[in-house]
Amino acid sequence: MILIDGKKEAANLREELRKEVSSLKTKYNKVPGLTVILIGDLTPSQIYVRNKEKSAKEVGLKSEVIKYPDSVEEITILKKIYELNKDDTVSGILVQLPLPKHINKKKVIEAIIPEKDVDGFHPMNVGNLSSGYKSSVPCTPLGCYLLIKKVEPNLSGKKAVVIGRSNLNGKPMTQLLLKENCTVTITHSKTKDLKGECLKGDIVVAAVGIPELVRGDWIKKDSIVIDVGINKTEKGIVGDVAFDEVSKIAKAITPVPGGVGPMTIACLLKNTIECFKRLQS
Ligand code: NAP
């Protein structure tokens, strides 16, 4: 069984990105810049943003966090985004989710120009991804995709089952696997016989948010299992996959923590660099 080491893969990716930033600096005499807007004082958001800032600096990106209190007005955020859209030193803009209830998420996402949308949430990027064109791809599914490709470079003809259909994870994951010529089944809370669907998968990606939903007898022998879930339980953080059971059957599996999570931030840096290169050309 291959334990897919997300920490190691993310470190390798960051090292590649560090070298790329250095050569971009030589070529353009400037480095890609990532600006994160953080609203409110939710602890998980603060931790994510701190980790993003630290990793961005590690690879040599210019990194900035703009903080607002929970009570900030929507118009203030929109004006800041318009300002950042025009700022040549900013290659990527990210507004940390979730937002306070009085701020319209759709308006905020659509205010960021697609060229600087490092999260890949803008409808233009979503459309480009589903049409098979170049686009920013949401960081978590991009990380999952890179991990799957490490284990199995040729995915053509494989049967993939994605559990969850969120815009953040399930849907973009499906598009990435389709692009690789997988036959993809996307499942959700109304799917009948989820176990039966999973049993058909050469690849199973679980992005649900239910602790250890996917059991050992849901998985075909020698499949690749990617666990996106991060669930706080009495026994600590666990994924959507019952690791002890599934790791006995699968060919390869990501642990939680230490699997998909570390790749998410590394992919954000990758997206920032891609945005920079696109903006230069
Ligand atoms: P989400 O928006 O809540 O979507 C969950 C999806 O799971 C929905 O499509 C839902 O179906 C489906 N679902 C719910 N119960 C189900 C069931 N019993 N059987 C089959 N499908 C079911 O969640 P998300 O934002 O995609 O996040 C999913 C998990 O990933 C969470 O644990 C989150 O913390 C984690 N996450 C991890 C990272 C990372 O970096 N590792 C990043 C983001 C999120 P319906 O559409 O029918 O409701």
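Data for the structure
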item	result
Accessible-area value, residue 126, 1.4 Å probe, nucleic acids and ligands omitted, Å²	80
Stokes-Einstein D for the range 139-261, Kirkwood Rh over Cα pairs, 37 °C, 0.692 mPa s (µm²/s)	237
Full-stretch length increase - residue 131, residue 74 - with 0.36 nm per residue and alpha-carbon distance subtracted	17.4 nm
GluC sites (Glu not before Pro) within the range 219-281: DSSP coil, no more than 13 neighbouring Cβ in 10 Å	234
Accessible area in square angstrom per residue, the range 157-281, 1.4 angstrom probe	44
Cα-projected label distance for residue 199 with residue 57, points at 7 Å along beta-carbon direction, nm	5.2
In nm, spacing of pseudo-spin labels at residue 150 and residue 124 (7 Å Cα→C-beta vector)	3.3
Helix-derived mean residue ellipticity, 222 nm - over the chain, DSSP H n ≥ 4, -39500 (n - 2.57), to 500	-13500 deg cm²/dmol
Rounded percent of accessible protein surface that carbon and sulfur make up, the chain, 1.4 Å probe	53
With at most 13 other Cβ atoms within 10 Å, longest stretch of the chain clear of loop trypsin sites (Lys or Arg not before Pro) (DSSP)	1-100
Given 25/101; 8/30; 106/190, the pairs whose alpha carbons are separated by over 31 Å	25/101
Approximate spin-label separation residue 66-residue 102, in nm, with each point projected 7 Å along Cα-to-Cβ	1.9
Heavy atoms of residue 133: accessible area, 1.4 Å probe, square angstrom to 10	140
Qualifying GluC sites (Glu not before Pro) for the range 16-117 [loop in DSSP, other Cβ within 10 Å: at most 12]	73
Cα gyration tensor category, rounded, prolate or oblate, for the chain with a/c compared to 1.5	prolate
Whole-Å distance, taken between Cα centres, linking the range 14-84 and the range 96-138	16
Residue 192-residue 28 FRET efficiency (beta carbon distance; Förster radius 45 Å; 0.05 resolution)	0.25
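The values are calculated or read from the model by the stated rules, or taken from the named source; none is laboratory data. Worth saying up front: this structure is predicted, and the values here are computed from it rather than measured. A quick note on method: Cβ atoms are made from the backbone with ideal geometry, for glycine too, and the neighbour counts reach across all protein chains shown. Heavy atoms of the whole protein, side chains included, go into the accessibility calculation; ligands, DNA and RNA do not. Shrake-Rupley method; radii C 1.70, N 1.55, O 1.52, S 1.80 Å.
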